[in-house]
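Engineer: Here's a structure for you.
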Amino acid sequence: MTTLVAELADATRDDASLLRFLRGLPGVDQVGVEARAASLATRGIKKASKLWAIDTAISMVDLTTLEGADTHHKVRALAAKAKRPDPERPGTPRVAAVCVYPDLVATAVESLRGTGIGVASVATAFPSGRSSREVKLADVALAVESGATEVDMVIDRGAFLEGRYGQVFEEIQVVKAACGQAHLKVILETGELATYDNVRRASWLALLAGGDFIKTSTGKVSPAATLPVTHVMLQAVRDWFTTTGELRGVKPAGGIRTTKDAIRYLVAVHEVAGEQWLTPELFRFGASSLLNDLLMQRRTQLDGHYSGPDYIPE
């Protein structure tokens, strides 16, 4: 567990201190954050930089399948896509990770062995987060024992919204410990948090408790990732770094489907957090359909003409 600087260590001393700290964070200027997000979204990227942006976005994708109908065959196919996103273009970057349910982690691990591609698993009663601590930790144990290198946990939004911050903090800490060497991404489910102030508080709560990444959404709730929410989360990891010297990551997930969307997020990363966050170690896209559009636009950049979706291998 990270040794917190004195100010932050004092904030986590007990439930009352945590409540004071989180409620004492500066409020988010809703108009300001939405205006800045909208302004940055209009910024274009020079043609010479577009291929770099596309390749960077591909390398940040957590290629995801989280459906009740998922099968071992589907996970193997997803792993093959992760390893060779565009077999006809061997220079195409690999994705960062494949994300699956805990019972399918072993299949993903076997399929990706030796590639360096991460295996992420959702856990802690995903997507609701509503179960006993024992069940949540069993979820984590199944994922980690099966070889997951990353765990995406969901917070108990009900507890958070009732102000039971200490309970949420402790649960993140316990899950972090159960992850062992696996990185922990903390899903805030920002669409259920209602306000930007709550997003800021939940972001800091997750960082204080040891989350390696803060993640917007499960992808099962609307709205999922939005640019203004991601701005608030990027501000949190930037300010965390300023205070502690530690780099933590951000993962928007859900609803990011096009290359244009992805580039808007990369611009936000650069302008809000900083250039050093433009790496898969500190920024990810949780996506299922985004990759194909990135590949289509990559071919367009390389070939000089539009390549439709029919030319992209599944």
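The values are calculated or read from the model by the stated rules, or taken from the named source; none is laboratory data. Since the structure is predicted, the reported quantities are computational estimates derived from the model, not experimental observations. Backbone-built Cβ (ideal geometry, glycine too); neighbour counts: all protein chains shown. For accessibility, only protein heavy atoms count, side chains too; no ligands or nucleic acids. Shrake-Rupley method; radii C 1.70, N 1.55, O 1.52, S 1.80 Å.
Engineer: Which of the residues that make up the stretch 10-44 are surrounded by 16 or more Cβ atoms within 10 Å (Cβ to Cβ), modelled with pLDDT of 95 or more and of a type outside the set (A, V, I, L, M, F, W, C)?
Structural biologist: Of everything in the stretch 10-44, those that are surrounded by 16 or more Cβ atoms within 10 Å (Cβ to Cβ), modelled with pLDDT of 95 or more and of a type outside the set (A, V, I, L, M, F, W, C) turn out to be Glu34, Arg36.
Engineer: May I ask you to list the residues in the stretch 273-293 that are under 24 Å from Asp152 (Cα atoms) and either among the basic types (Lys, Arg) or assigned to a helix (DSSP H, G or I) (or both)?
Structural biologist: Correct list: Ala273, Gln276, Trp277, Arg284, Leu290, Leu291, Asn292.
Yes/no per residue for (1) closer than 24 Å to Leu66 by Cβ; (2) more than 13 Å from the chain's Cα centre (by Cα); (3) open to solvent by less than 30 Å² (accessible area, probe 1.4 Å):
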{"site": "Ala236", "(1), (2), (3)": "no, yes, yes"}
{"site": "Gly249", "(1), (2), (3)": "yes, no, yes"}
{"site": "Pro252", "(1), (2), (3)": "yes, no, yes"}
{"site": "Leu278", "(1), (2), (3)": "no, yes, no"}
{"site": "Phe283", "(1), (2), (3)": "yes, no, yes"}
{"site": "Leu291", "(1), (2), (3)": "yes, yes, yes"}
{"site": "Gln297", "(1), (2), (3)": "no, yes, no"}
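Engineer: Can you find even one residue in the stretch 304-311 that is touching a residue at least 24 places away in the same chain (Cβ under 8 Å) and either among the acidic types (Asp, Glu) or in contact with a helix residue (DSSP H, G or I) (Cβ under 9 Å, 6 or more places away or on another chain) (or both)? Step through it out loud before you land on a result.
Structural biologist: So in the stretch 304-311, the residues touching a residue at least 24 places away in the same chain (Cβ under 8 Å) come out as none.
No, the stretch 304-311 has no match at all.
Engineer: Here is a further query. For the stretch 122-142, what are the residues that are free of Cβ contacts under 8 Å to residues at least 60 places away in the same chain, among the aliphatic types (A, V, I, L, M) and out of contact with any helix residue (DSSP H, G or I) (no Cβ under 7 Å at 6 or more places or on another chain)?
Structural biologist: Those that are free of Cβ contacts under 8 Å to residues at least 60 places away in the same chain, among the aliphatic types (A, V, I, L, M) and out of contact with any helix residue (DSSP H, G or I) (no Cβ under 7 Å at 6 or more places or on another chain): Val135, Ala138.
Engineer: Residues that are open to solvent by less than 30 Å² (accessible area, probe 1.4 Å), in contact with a Pro (Cβ under 6 Å, 6 or more places away or on another chain) and under 22 Å from Thr64 (Cβ atoms): which helices (runs of 4 or more DSSP H) entirely in the stretch 117-180 hold 1 or more of them? Even if it seems obvious, please write down each step before you answer.
Structural biologist: Values: elements: 133-145, 157-161, 165-179.
Answer list for the stretch 117-180: 133-145.
Engineer: I'd like to verify a number: residues in the stretch 45-80 that are of a type in the set (D, E, K, R) and crowded, with 20+ Cβ neighbours inside 10 Å, how many? Lay out the reasoning, then the answer.
Structural biologist: We begin by selecting, within the stretch 45-80, every residue of a type in the set (D, E, K, R); these are 46-47, 50, 55, 62, 67, 70, 74, 76.
Going one step further and asking which of them are crowded, with 20+ Cβ neighbours inside 10 Å, we end up with 62.
Qualifying residue count for the region: 1.
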